[in-house]
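Pasting a structure here, questions to come.
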Amino acid sequence: MRAVSAMLFCALLMTQAHAQTITVAGAADLRSAPRCLSITLLVSLIGVINPVFGQSAPPAQHTERPTPPTRDPNTPGYVTAKELPDGSNPPANVDGNFIIGPSHPVTPEMTAQNGVPKGTVIEFTMNSTDSKIYPGIARDANTFGTVDPADAAKLVVTTSRPAPYTRKVTVYIPKQYVPGSVAPFIVGADGPDGLLFSALDTLIAQRKVPVMIAISISNGGGDAQGSERGLEYDTMSGVYAEFVENEVLPMVETQARVKLTKDPDGRATMGGSSGGSCALIMAWYRPEFYHRVLTYSGTFINQQWPHNPETPHGAWEFHEHLIPNSAAKPIRIWMEVGDRDLFNPNVMRDNMHDWVLANEHMASALAAKGYHYQFVFARNAGHVDREVKQRTLPEALEYIWQDYRHGTN
């Protein structure tokens, strides 16, 4: 009986994962209803055959996240980086690797200044019932998963199931935006991001970045494998970019009364942690949508779920295979990692869960392929460190937008 239940649950996961690959255009509309029905039938069958499904093999117990060790940026195997005077940032027009800290005073651009026009912020809500791409999943509370005994790089999650969600989308419109004009924009994960909006007020007024719209999208809930956030941000595919393109951006234009450029050179992505890996995933798989990427503590590690044999190590594949083995793409990227960033924070011991090492490898891979990138190693900094962000965000935004030439589409 348990074997039958397990087979049905695997079928459910395959159906759910396959459903993420369709876009909202054309035939996807015709196929979405049968897939939703198939998921409902599978869940019903599981309940009839084995009412206690998922409890026969208890998931790993929740443990406190260990304190990460402090890493030295001059460790053998790390990229060679220029150490900057304490409290300073790299130049906004220079590629390469830099070390900042240990103190991180707030940069003046992040504080309100007299005479600087403040943008308008609007917010609206999206429901999973309206999404053809992400109908919603969730992992049961206080559960995580177990390591596959046959493969230390795979996590088995038996407690994820369909679940509804709502998300907020927050839109920043600068005072300088001319209604009816076509504007460049930046899309951010895990919104709303007040620090981004504050930085743009000043940078736009100083003409250091273009007059742009900022779209801050909250995630669908949870974290890591088996969650909606994990499915959205850690999946190595163009699906999340297609979700934003086809379901979010049209609502932004309607709700905020703005027009957004179709020119990928006028579009940027940003995020922290899994939101950071998502930012690169969006541009990597859909470079016709995005050319500019900004990440804090990017989760370029093995966290994809469900397992995909084409990218078996998740976002670790970026520096392991994808970037080294692919022609350079038209992407400019700014990255940061902290010296106390995450290190093996869960039950997996696959040597692919060191955030510092992953970002160091990213810098090495990008340099080898001749990408325009800037990598910042921050001393005295944790995971997606707020003080570091307050110090570096204006410079990071200047860096990724430095070569932008305003288009008309």
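Using the heavy atoms of the protein chains and a 1.4 angstrom probe, tell me the accessible area per residue for the range 299-409 in square angstrom.
Working: 4030 Å² over 111 residues.
I get 36 Å² per residue for the range 299-409.
Residue separation times 0.36 nm, minus the C-alpha to C-alpha distance between Phe124 and Ala368: what's the value?
Values: separation 244, 0.36 × 244 = 87.84 nm, distance 4.24 nm.
Gain on stretching Phe124 to Ala368: 83.6 nm.
If you count only protein heavy atoms with a 1.4 Å probe, what accessible area per residue comes out for the range 174-233, rounded to a whole Å²? Working shown, then result.
On the way: 1730 Å² over 60 residues.
In whole numbers, the range 174-233 has 29 Å² accessible per residue.
Which whole number in µm²/s is D for the range 273-409 by Stokes-Einstein, with the Kirkwood Rh taken over Cα pairs at 37 °C and 0.692 mPa s? The partial results should precede the final answer.
Working: Rh = 15.4 Å.
The Stokes-Einstein estimate is 214 µm²/s.
Sticking with this one: Just reorder Arg257, Arg229, Arg405, Arg349 by solvent-accessible area, largest first, 1.4 Å probe, all chains present.
Values: Arg257 195, Arg229 25, Arg405 170, Arg349 135 Å².
Heavy-atom accessible area, descending, gives Arg257, Arg405, Arg349, Arg229.
Further, regarding this structure: Give me the mean projected area, in nm² to one decimal, of the convex hull enclosing the Cα positions of the range 318-358. Please list the in-between numbers first.
Working: hull surface 15.1 nm².
Averaging across all directions leaves 3.8 nm² for the Cα convex hull.
Compute the FRET efficiency between Lys175 and Thr67 as 1/(1 + (r/R0)^6), taking r as their Cβ-Cβ distance and R0 = 60 Å, and round to the nearest 0.05. Provide the component values of the computation, followed by the final result.
On the way: r = 44 Å, r/R0 = 0.73.
Efficiency, rounded to the nearest 0.05: 0.85.
Can you list which of the GluC sites (Glu not before Pro) found in the range 300-342 are DSSP loop residues with at most 16 other C-beta atoms within 10 Å? Walk me through the intermediate numbers first.
On the way: sites: Glu310, Glu317, Glu320, Glu336; in loops: Glu310.
Within the range 300-342, the qualifying GluC sites (Glu not before Pro) (loop, at most 16 other Cβ atoms within 10 Å) are Glu310.
Rule-of-thumb check for the range 157-293: C-alpha Rg over 2.2 N^0.38 Å? Provide the component values of the computation, followed by the final result.
Numbers: Rg = 15.0 Å, N = 137, 2.2 N^0.38 = 14.3 Å.
Ratio of Cα Rg to 2.2 N^0.38 Å: 1.05.
Let me ask you something else. Per the 1.4 Å probe, what fraction of the accessible area of the range 171-277, in percent, lies on carbon and sulfur atoms? Let's see the in-between values first.
On the way: 1520 of 3040 Å².
In the range 171-277, the share of accessible area belonging to carbon and sulfur is 50 percent.
The values are calculated or read from the model by the stated rules, or taken from the named source; none is laboratory data. From a predicted model like this one, the values you see are computed outputs, not experimental measurements. Don't worry about glycine lacking a Cβ; one is built from the backbone with ideal geometry, like all the others, and counts go over all protein chains shown. What goes into the accessible areas is simple: the full protein's heavy atoms, side chains included, and nothing from ligands, DNA or RNA. Shrake-Rupley method; radii C 1.70, N 1.55, O 1.52, S 1.80 Å.
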